[in-house]
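Please treat every number below as a calculation from the coordinates, not as lab data. Remember, predicted model here, so these are calculated numbers, not experimental data. Cβ atoms come from the backbone with ideal geometry, glycine included; neighbour counts cover every protein chain shown.
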Amino acid sequence: METVMENHVANVPDTSGATLDNLTVLTGMHREEVRAWMQQRGLPAFRGDQVFSWIHRGRDFDEMTNLPLSMRETLKSSAVAQPVKISDSFHSRVDDTVKFLYEMRDGNCVEGVLMHYHHGYSLCISTQVGCNMGCAFCASTLEGCVRSLSAGEMLGEVLCANRYLEEKGEKVHNLVLMGAGEPLDNYDEVMRFLRLLREKGGIELSLRSVSLSTCGLVDRIRRLADEDLPVTLSLSLHAPNDEVRRKIMPIAKRWSMKEALDACRYYIEKTGRRVIVEYALIDGVNASVEQAEELAGKLRNMQVHVNLIPLNEVKERQLKGVSERQVRAFLERLEACHISATRRREMGDDIAGACGQLRRSVILSRGAEAGTSA
Ligand code: SAH
């Protein structure tokens, strides 16, 4: 498992001027960068503002109706406005949840889930194609990390969802970086993406409505705390001690639980925001009431909220979920120890599946079509 961690910084495509098929991807650029790019091509800078604004409304060059036709043609031959498209979507029969299969220009796919809560729409996006973190319960990591997504591709996931919601007169209100991938393993692109979200003239999503979930890259959590970006941090803890955590999360061999929690304390101190602790209950591994008590001891006096997630069983993994009674008992014990906790509401249970399962089923079916055994 050590090798997994050694090369945990996956290949990140160059972005601000990222090119694909010799085309410049404008989606990951800040407004000033789009203006400068236009000027370098002899086009007026104010056209850059128009292009920036259209891009953030999810429009492609053909739809940029206030640009002269000839300019649209020129732009099409040298740049990309929308690097992501929804290639398939799956609608829940039990609630308003939709799962998107996003496709990028190189044919790679990632997943996103759009959930409808009473306070608005929440979108869960992926930050990498696959993941290198190797958590024992997660489907996203089964094939490792193919590549990291660029800032423009992550923004593309949001833009596609906004376009999907446009006909309902709605848009994404909350964003969670909790799909496939480890966001802090794609640090620079994720930071660029977060800054793009709040840029004036773009979609202007407040970073207070954004959550970032990490398996616990301690050095990066500390760096994030110093960025002055008011995102909510979630730590995937999933264990009450190092011994259990090391069995299910390779990252725990790199950093102890104390180091991870100390980094969270630093995050809370720097940002004034509470941290969410994610805890997936796995039968016979981390779900006993004694373990709830041990966990409470570790979190005492910390400004945290525990999110209990009943394990989503992944067929390739041997791990088993827990009964409703076990969830309740664990929750009650945490509360008795004065730890704020809730059970994560399950949405779109019939379509969502565990993290990474949709992309995996697509890969497997493509493999089957190609006559390869998966
Ligand atoms: N790499 C990041 C974000 C992606 S996973 C992280 O580790 O936090 C998003 C959340 O789903 C994490 O808390 C992860 O541990 C959890 N998760 C992954 N697979 C799961 C499964 N099969 N059942 C329940 N939760 C799972």
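In the distance distribution for the stretch 199-253, Cα-Cα pairs more than 12 Å apart total 71 percent. Expressed in Å, the radius of gyration and Dmax of the Cα atoms of the stretch 19-80 are 10.3, 27.
Write down the Kirkwood hydrodynamic radius of the stretch 100-246, to one decimal in angstroms, obtained as one divided by the mean of 1/r over all alpha carbon pairs. Intermediate results must be reported in sequence, preceding the final value.
Working: mean 1/r = 0.0631 Å⁻¹.
Averaging 1/r across every pair of different Cα atoms and inverting gives 15.8 Å.
Our note on the geometry: Cα centres of the stretch 259-332 and the stretch 146-203, 26 Å apart. Spin-label point model (7 Å from Cα, Cβ direction): what's the residue 290 to residue 305 distance in nm? Modelled inter-label distance: 3.2 nm.
For 89, 77, 140, the sequence from fewest to most other C-beta atoms within 10 Å is 77, 89, 140. One quarter of the convex hull surface built on the alpha carbon atoms of the chain amounts to 19.3 nm², the projected area averaged over directions. With a 10 Å cut-off between alpha carbons and a GNM built on the chain, which of 173, 305, 119 moves the most? Evaluated over the chain, the most mobile residue of the options is 119. Taken one residue at a time, the phi angles of the stretch 25-39 give Karplus couplings (6.51, -1.76, 1.60, θ = phi - 60°) of 8, 7, 4, x, 9, 6, 4, 4, 5, 5, 4, 5, 4, 5, 4 Hz. Gly and Pro are set to x. Report the residues of the stretch 177-209 in range of a label on residue 30: point 7 Å along Cα→C-beta, backbone N strictly under 19 Å from it. Answer for the stretch 177-209: 187-208. Each Cα pair under 8 Å and six or more residues apart adds its sequence gap; the mean of these over the residue count of the stretch 209-277 is a relative contact order of 43 percent.
Restricting attention to the chain, the count of lysine pairs at 8 or more positions apart or across chains with alpha carbons under 16 Å apart stands at 4.
For 157, 166, 290, what ranking results if the residue with the fewest other Cβ atoms within 10 Å of its Cβ goes first?
Details: 157 28, 166 12, 290 9.
Ranked by crowding around the Cβ, least crowded first: 290, 166, 157.
Take every Cα pair under 8 Å whose residues are at least 6 apart in sequence, average their separation, divide by the length of the stretch 84-370, and the relative contact order is 18 percent. Remark: 160, 337 ranked as 337, 160, counting other beta-carbon atoms within 10 Å and listing the fewest first. Modelled spin-label separation between residue 94 and residue 256, with each label point placed 7 Å from Cα along the Cα-to-Cβ direction: 4.1 nm. Between residue 45 and residue 62, the modelled label-to-label distance comes to 3.3 nm, taking each label 7 Å out from Cα in the direction of the beta carbon. Using alpha carbons only, how many degrees (0 to 90, rounded to 10) separate the axis of helix 289-299 from the longest principal axis of the chain? Taking Cα atoms only, the helix is inclined about 60 degrees.
Would you mind estimating how fast the stretch 171-308 diffuses translationally, via Stokes-Einstein at 37 °C and 0.692 mPa s with the Kirkwood radius over Cα pairs, in µm²/s? Walk me through the numbers on the way to the answer.
Working: Rh = 15.6 Å.
D, rounded to a whole number, is 210 µm²/s.
Applying the Karplus relation 6.51 cos²θ - 1.76 cosθ + 1.60 with θ = phi - 60° to the stretch 204-214 yields 3J(HN,Hα) values of 6, 8, 5, 5, 5, 9, 10, 10, 10, 10, 10 Hz, where x marks Gly and Pro.
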